[in-house]
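K.L.:
One structure, pasted below without further comment.
The values are calculated or read from the model by the stated rules, or taken from the named source; none is laboratory data. What you see is a predicted model, and the numbers here were worked out from it, not measured in a lab. All Cβ positions, glycine included, derive from the backbone under ideal geometry; neighbour counts span all protein chains shown. The area values use the complete protein model at the heavy-atom level, side chains included, leaving out ligands, DNA and RNA. Shrake-Rupley method; radii C 1.70, N 1.55, O 1.52, S 1.80 Å.
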Amino acid sequence: MTIDVKIADDNPACYKGRKQAQNETPKKMKRQGMDRGRVETLVEAIRDDILYGVYRAGEWLKQIDLQERYEANRFEVRQALVELKNRRLVEHKVNSGFRVAAPDPEELLHLKAVRTILETGAAEPVVARATAADLAELGDIAARFEQAIETADPPTRTELNYAFHRRLYDIAGNPVLAALIHDMRERGQSGTTGRWFTLAGLRLSAQEHHAMVAAIRARDAAVLRQLIDHHINRR
């Protein structure tokens with residue numbers, strides 16, 4: 001059965017280049033029949049497109065479009081959407097279908113509070129464990145994000161931002177903590193507002209990334225905690 005529902009209106013001022021990203025062909029998935037591995041690959045592909053801004057908060061996901069975009073059948077798409085619902089990245093509405101989750105303002109505040117506790121808590125082990133190679137890689141990602149502000153589309157900028165923060169918290173050496181942080185960041189991404197929709201805000205984020213790298217290089221956990229707190233809670 002094909003789910004055919006209305007897609008929310010676009011806002012080109014906020015998502016310049018989004019349509020171009022939607023029209024690009026995603027990475028091809030190897031045909032493996034109807035198995036769990038293929039569904040997991042599909043889940044990650046749709047997840048990335050949600051997190052990187054190809055689909056935005058509240059947008060309806062038409063099953064037939066997903067089948068064509070990801071070269072999957074309806075059973076695989078349905079299973080993938082159910083898994084994304086379990087991850088709270090999409091919502092299911094009876095008689096309507098699936099749409100990208102849009103956290104309410106109160107939930108976003110709670111997510112930010114949890115993120116602040118977890119991410120500032122990672123500052124000390126990050127500073128203690130960071131090697132010269134870690135700093136070089138983190139600095140390179142920060143520089144690529146800064147360059148992408150002027151030259152790349154929103155999905156590419158978002159992908160680089162995720163790469164920076166994922167690499168930052170992986171340095172802490174605690175995979176449980178890193179996984180919790182990444183999960184909280186993903187759940188709040190679809191509700192991102194403010195600085196992500198202006199060049200000035202994006203440039204300020206880039207400056208903060210570089211400041212975090214400098215704090216780690218200086219082995220100053222207190223400054224890194226302050227920068228992380230401000231980075232999360234700044235509007």
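K.L.:
Do you know which residues across the range 144-160 are out of contact with any helix residue (DSSP H, G or I) (no Cβ under 7 Å at 6 or more places or on another chain) and within 21 Å of Arg185 (Cα to Cα)? Steps first, answer last, please.
P.N.:
Initial filter on the range 144-160 (out of contact with any helix residue (DSSP H, G or I) (no Cβ under 7 Å at 6 or more places or on another chain)): 147, 150-152, 159.
The one that is out of contact with any helix residue (DSSP H, G or I) (no Cβ under 7 Å at 6 or more places or on another chain) and within 21 Å of Arg185 (Cα to Cα): Glu159.
K.L.:
Could you pull out every one of the helices (runs of 4 or more DSSP H) wholly within the range 107-181 that has 3 or more residues that are among the hydroxyl-bearing types (Ser, Thr, Tyr)?
P.N.:
154-170
K.L.:
Evaluate the following for Arg99: is it open to solvent by less than 70 Å² (accessible area, probe 1.4 Å), in contact (Cβ under 8 Å) with a residue 12 or more places away in the chain, among the charged types (D, E, K, R) and outside any helix (DSSP H, G or I)? Walk me through it before giving the result.
P.N.:
Values: open to solvent by less than 70 Å² (accessible area, probe 1.4 Å): yes; in contact (Cβ under 8 Å) with a residue 12 or more places away in the chain: yes; among the charged types (D, E, K, R): yes; outside any helix (DSSP H, G or I): yes.
Judged against the criteria, Arg99 is a match.
Conditions tested, residue by residue: (1) touching a residue at least 24 places away in the same chain (Cβ under 8 Å); (2) farther than 21 Å from Arg185 by Cα; (3) in contact with a Phe, Trp or Tyr (Cβ under 7 Å, 6 or more places away or on another chain).
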| position | (1), (2), (3) |
| --- | --- |
| Val43 | yes, no, no |
| Ile64 | yes, yes, no |
| Leu84 | yes, no, no |
| Arg88 | yes, no, no |
| Arg115 | yes, no, no |
| Ala128 | yes, yes, no |
| Thr131 | no, yes, no |
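K.L.:
When you scan the range 1-88 for helices (runs of 4 or more DSSP H) that lie fully inside it, which ones turn up with 2 or more residues that are touching a helix residue (DSSP H, G or I) at 6+ places or on another chain (Cβ under 8 Å) and at pLDDT below 50?
P.N.:
Per the criteria, 18-23.
K.L.:
Can I ask one more? Would you mind stating whether Thr131 is open to solvent by 40 Å² or more (accessible area, probe 1.4 Å), closer than 18 Å to Leu224 by Cβ and polar (S, T, N, Q)?
P.N.:
yes
K.L.:
Still on this structure: Hey, can you tell me all the residues within the range 112-148 that are closer than 17 Å to Val213 by Cβ and under 18 Å from the mean Cα position of the chain (by Cα)?
P.N.:
Filtering the range 112-148 for residues closer than 17 Å to Val213 by Cβ gives 119-120, 122-148.
Glu119, Leu138, Ile141, Ala142, Arg144, Phe145, Glu146, Ala148 - these are the residues of the range 112-148 that are closer than 17 Å to Val213 by Cβ and under 18 Å from the mean Cα position of the chain (by Cα).
K.L.:
Here is a follow-up. Cβ contacts < 8 Å: first residue touching a residue at least 24 places away in the same chain (Cβ under 8 Å), restricted to the range 150-162; second residue open to solvent by less than 20 Å² (accessible area, probe 1.4 Å) and aromatic (Phe, Trp, Tyr), any location; separation 6+ or different chain. Result?
P.N.:
What qualifies is Arg157/Phe145; Asn161/Phe145.
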